[in-house]
1. Could the peptides 87-93, 46-52 be put in order, highest first, of the mean number of other beta-carbon atoms found within 10 Å of their residues?
2. Heavy-atom accessible area of F84 with all protein chains present, probe 1.4 Å, nearest 10 Å²?
3. Taking 0.36 nm per residue of separation and subtracting the Cα-Cα distance, what length does fully extending D77 through R45 add?
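The values are calculated or read from the model by the stated rules, or taken from the named source; none is laboratory data. Please read all numbers here as calculations on a predicted model, not as lab measurements. Quick reminder, even Gly has a Cβ in these numbers, built from the backbone with ideal geometry, and neighbours come from all protein chains shown. For accessibility, only protein heavy atoms count, side chains too; no ligands or nucleic acids. Shrake-Rupley method; radii C 1.70, N 1.55, O 1.52, S 1.80 Å.
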Amino acid sequence: MSDSPLTTAHRLLVEAIDALSAATDGATDDDLLSVLTLCGGTSRRLDRLTVATVASLERRGTFAERGYTSTPAALGDLLGWERFEARHRVVAAEQVCPRVSLDGTALPAKLPATAAVFAAGHTGLRHVAVIARVLAGPAAQRRRRPSTPPPNCKPGVPLWWRPLTRTGPSLMTGRPPWSTNCTWCVTVGRRAAR
């Protein structure tokens, strides 16, 4: 009777780790540095496999079927991970793995450029988590405003600029040629007054 592919992969992985461990006995400094870089690369490859597996299990609803309300809790129970470790993998799965819409249509990853770098092994889980957190933050959600008023802005009642500091001189003497009934002008005027 032949082994399943998963059983064979497990056996080969254990043998490879045992061989690598045996190679460190009496190794030179350069060999030990090579072992470190090999372990780092292998760890990233295993992280990519873990993230892809978590994404597949989430899409299938496996954890929900087994009574879990959150995937990090399920991963914590299954693998003994701390909540932050499980959360890093779940966030990475949400951001860098292909998705499926409610009607079954295949969708690309939310962060395709990060997904490509992560798949190539040039970045790790923590990098993906930081990128996702920054892009979900308020600074990334703000739209850049143009530096000139929109063409349909009709100057009405002019805005007065406040002093640069409480006792300091004004930014500008006179009135800026902007309107108080234009959203862009009001926003720019408030920013300039700070």
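1. Working: 87-93: 22.1, 46-52: 16.6.
Ranked by mean Cβ neighbours within 10 Å, highest first: 87-93, 46-52.
2. 130 Å²
3. Working: separation 32, 0.36 × 32 = 11.52 nm, distance 2.29 nm.
Contour length minus the Cα-Cα distance gives 9.2 nm.
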